[in-house]
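The values are calculated or read from the model by the stated rules, or taken from the named source; none is laboratory data. Note that the structure is a prediction, hence the values are computed from the model and not measured. Here Cβ is always computed from backbone atoms with ideal geometry, including for glycine, and neighbour counts include all displayed protein chains. Calculation scope for accessible area: heavy atoms of the full protein, side chains included, ligands and nucleic acids excluded. Shrake-Rupley method; radii C 1.70, N 1.55, O 1.52, S 1.80 Å.
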Amino acid sequence: MENKEKSQAKTDRITLTADGTLRVPDNPVVPFIEGDGIGPDIWAAAKSVLDAAVGFAYKGRRKIIWSEILAGEKAYRETNEWLPEETLQAIKDHVAAIKGPLTTQVGEGIRSVNVALRQRLDLYACVRPIRYISGVPSPMRHPERVKMVVFRENTEDVYSGIEWEAQTREAEAVIAFLKDSIGVDVAKDSAIGIKPMSQRASRRLVARAIQYALDHDLPSVTLVHKGNIMKYTEGAFMKWGYEVAREMFGDHIVVESDLGPAHDGKAPPGKVVIKDRIADMMFQQVLLRPESYHVIATPNLNGDYLSDALAAQVGGLGMAPGANIGEDCAVFEATHGTAPKYAGTDRANPISLILSGVMMLEYLGWVEAASAIEKAVQKSISEGLVTHDLACRMPVARELRCSEFAQTVIERLST
Ligand code: NAI
């Protein structure tokens, strides 16, 4: 019996072959983290939609076997740990997982469970597609022109967390080192933060973004950086980005500055244009000329700001899905956090996590179920059936609870 159970568990695991191809059984075990704050509400909604869509698309031939793993407040309550080792191991073992948002204590406690999860599993690419769904209220006059995918570096820059409080032994030691060894004067009462950005991490992130543009026939990849001021971190990100573009994708790319008279200022057909923009200017560009940008590759902090701003352009954080992807596994999650003011009210918008689930289904190759969900979400919105965050900005809408919205989407799967 025990052996039978073991072999059953094994066949139900998603596996990665040596060449990076995913093998997905018809009944894969997928670990999930419910999350804090609005997590339980939006996870329950997303799970019911994912299950219904898989059932609808594959008529019982396929089914996800969900397996709960703990992190955040629930983990702390039950195990006294914020991020148990078993959770990390389960994600490694099962290759794909999905999670709700987790609270980060400011200025105390564990630094961030989210950051720890991404770093420990080396989920180096935070991938956030931003796409407008017709009917969603937006501050833009032409939100349909916003169609981008942000690739945010997910392990370094401010995520490396090298920081010391002002007037501590560590901060004073660094200030003394800077003065004595390098001749740099820093005010004695300064807090100190260090942001490392490595060639390896920058290159692999940009390479992944370019590969995505090639796989999806997208015309450009923009490296967004603050290299005019931070020349040796952000500037180096740009330099390494261009380097990896030329070395790995030379036949498939053209650099924007090379689009001179020989090309009449236009990209040759089938080539991806690699360009760069300074981060502050990019915030203006995505408002004024969003149609000029397709894939964005950027260091951690820029990517954090930019993805929330872009989410606002297409309706807000409740609409913003995402994924953290590494070489060995991936964790799918919404862009937003725990939205404490909506916690336990059944009023949050679950679309962000439902669409993160769609990204997971696409990652597994279950595209029929993914597409069925997208169409049903679109249909619900076009009928004005939405949660509070959207309803309060729409001239005609019926406000639904989070759980009711999930049911509405499920009912529209078959139509
Ligand atoms: P937040 O993203 O949780 O919420 C900001 C605002 O966005 C909310 O007040 C709400 O108006 C709106 N919002 C977000 N998600 C929504 C949804 N699904 N439906 C409707 N409205 C939604 O950001 P905040 O308040 O700065 O962070 C709260 C906590 O979440 C913090 O502890 C933070 O560290 C954590 N956080 C966790 C993340 C994760 O787990 N990946 C990501 C970002 C923040």
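If the condition is being part of a loop (DSSP other than H, G, I, E, B), in contact with a Leu (Cβ under 7 Å, 6 or more places away or on another chain) and surrounded by fewer than 19 Cβ atoms within 10 Å (Cβ to Cβ), then the range 18-50 contributes only Val24. Figure legend. Inter-residue proximity from the range 327-348: first residues near the ligand (Cβ under 6 Å from one of its atoms), second residues of a type in the set (Lys, Arg), beta-carbon distance below 9 Å, spacing 6+ or different chains. Indicated pairs: Glu333/Lys99. From the list Arg118, Arg145, the lone residue that is basic (Lys, Arg) and modelled with pLDDT of 95 or more is Arg145.
A single entry from Ala97, Ala53 fulfils the requirement of being more than 22 Å from Thr335 (Cα to Cα), surrounded by 17 or more Cβ atoms within 10 Å (Cβ to Cβ) and either within 16 Å of the ligand (Cβ to nearest atom) or among the small types (Gly, Ala, Ser) (or both): Ala53. Summed over the range 228-240, the residues that are closer than 10 Å to Pro299 by Cβ and of a type outside the set (A, V, I, L, M) give a count of 3.
Out of the residues in the range 119-138 that are within 11 Å of the chain's Cα centre (by Cα) and open to solvent by less than 20 Å² (accessible area, probe 1.4 Å), which is nearest to the ligand (Cβ to nearest atom)? Filtering first and then ranking leaves Cys126.
Here Val386 meets the list (1) crowded, with 17+ Cβ neighbours inside 10 Å; (2) among the β-branched types (Val, Ile, Thr); (3) not in a strand (DSSP E or B) almost entirely, failing just condition (3). I need the full set of residues from the range 389-408 which are over 22 Å from Leu50 (Cβ atoms), free of Cβ contacts under 8 Å to residues at least 40 places away in the same chain and open to solvent by 60 Å² or more (accessible area, probe 1.4 Å), in order please. Of everything in the range 389-408, those that are over 22 Å from Leu50 (Cβ atoms), free of Cβ contacts under 8 Å to residues at least 40 places away in the same chain and open to solvent by 60 Å² or more (accessible area, probe 1.4 Å) turn out to be Cys392, Pro395, Val396, Arg398, Glu399. Candidates in the range 296-316 are the residues that are within 12 Å of the ligand (Cβ to nearest atom) and in contact (Cβ under 8 Å) with a residue 60 or more places away in the chain; of these, the one that is farthest from Tyr124 (Cα to Cα) is Gly315.
Within the range 325-343, being assigned to a loop (DSSP other than H, G, I, E, B) and under 15 Å from Asn114 (Cβ atoms) holds for Gly326, Glu333, Ala334, Thr335, His336, Gly337, Thr338, Ala339.
Filtered by the rule that a residue be assigned to a helix (DSSP H, G or I), within 16 Å of the ligand (Cβ to nearest atom) and touching a helix residue (DSSP H, G or I) at 6+ places or on another chain (Cβ under 6 Å), the range 349-376 gives Ile351, Ser352, Leu353, Ile354, Gly357, Val358. Look at (1) among the charged types (D, E, K, R); (2) within 25 Å of Ala297 (Cβ to Cβ); (3) part of a helix (DSSP H, G or I); (4) open to solvent by 50 Å² or more (accessible area, probe 1.4 Å) and you find that Arg204 fails only one, number (4).
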